[in-house]
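Novice: I am attaching a structure below and will ask some questions about it afterwards.
Please treat every number below as a calculation from the coordinates, not as lab data. Only a predicted model underlies this, so the values are computations on that prediction, with no experimental measurement involved. Positions of Cβ are backbone-derived with ideal geometry, glycine not excepted, and every protein chain shown enters the neighbour counts.
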Amino acid sequence: MSYYFNKVLKSKSFDEAIEQVTAELKKEGFGVLTEIDIKKTLKNKIDVDFKNYKILGACNPHFAYKALQSEDKIGVLLPCNVIVEEHENGEIEVSAVDPIASMGTVENENLGDLASEVQQKLINVIKNLN
C-alpha cells in the first residue's frame with residue numbers, strides 16, 4: 001500500500017507550485033499551519049546543499065477536531081503533510097500523505113470514515129494541480 005499521492009508538474013516553477021498547492025488546499029478546507037524549508041534547514045544546520053524541498057503542514061480544522069474527539073493521541077499524525085520538491089531536471093513533484101495509510105495504524109473504528117473523507121480531499125488537491 002502506498003502512503004502518498006503525487007503528481008509531477010512540468011510547467012511550474014517551485015514557488016508557483018507552492019502557491020498553487022496552497023490555493024488548492026484552501027479550496028478543500030485546509031490551511032497551511034507549518035512550512036518547513038528543508039533546503040534552508042539542512043544548509044543552516046549541517047552545511048549541506050539540498051534541492052528545493054518544502055513540507056507543508058496542512059490542516060482542515062473540522063476534520064482535525066473530529067479526529068481528536070475520537071482519538072486524543074491522533075495529534076501525533078497531524079497535520080497532513082504535503083511536500084513540494086524540485087528534481088534535477090526542473091520538474092516539480094507534489095506529494096501528499098495518504099491519511100488512510102497513516103491512520104490505519106491506529107486501532108479506532110471511528111477514524112476510518114474520517115480518513116476516507118480526508119483522503120478524497122487530498123486526492124482532489126493533487127488531481128487539480130497543473
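Novice: Taking a threshold of 30 Å on the Cα-Cα distance, which of the pairs K12/K73; K10/K40; K10/K66; K12/K39; K51/K121; K51/K73 fall above it? Walk me through the numbers before you get to the answer.
Specialist: On the way: K12/K73 38 Å; K10/K40 23 Å; K10/K66 37 Å; K12/K39 19 Å; K51/K121 28 Å; K51/K73 33 Å.
Going by Cα-Cα distance, K12/K73; K10/K66; K51/K73 fall outside the 30 Å limit.
Novice: Modelling each spin label as a point 7 Å along the Cα-to-Cβ direction, I'd like the Y4/H62 distance in nm, to one decimal.
Specialist: 2.7 nm
Novice: Compute the length gained on full extension between E19 and E88: take 0.36 nm times their separation in residues and subtract their Cα-Cα distance, giving the result in nm to one decimal.
Specialist: 22.8 nm
Novice: A follow-up question, please. If you work out Cα extents along the principal axes in Å from the coordinates, which of [x] 43, 29, 23; [y] 35, 32, 25; [z] 43, 34, 27 do you get?
Specialist: [z]
Novice: Another question, if that's okay. Hey, what number do you get for the chain at 222 nm if only DSSP H runs of n ≥ 4 count, each worth -39500 (n - 2.57), divided across all residues, to the nearest 500?
Specialist: When only DSSP H runs of four or more count, the value is -13000 deg cm²/dmol.
Novice: Here is a further query. Counting Lys +1, Arg +1, Asp -1, Glu -1, what net charge surrounds K45 among other residues with beta carbon under 12 Å of its beta carbon?
Specialist: The answer is +1.
Novice: Okay, next question. Around N60, what is the net charge, scoring Lys/Arg as +1 and Asp/Glu as -1 over all other residues with Cβ under 14 Å from its Cβ? Please list the in-between numbers first.
Specialist: Values: positive: K26, K27, K66, K121; negative: E24, E28, E117.
Overall, the nearby charge balance is +1.
Novice: Let me ask another. Given the Cα-Cα distance of D72 and K127 and 0.36 nm per residue of separation, how much length would full extension add, in nm?
Specialist: Answer, rounded to one decimal: 16.7 nm.
Novice: So what's the gap between the Cα centers of the stretch 1-42 and the stretch 67-127, to the nearest angstrom?
Specialist: When both Cα centres are located, 13 Å separates them.
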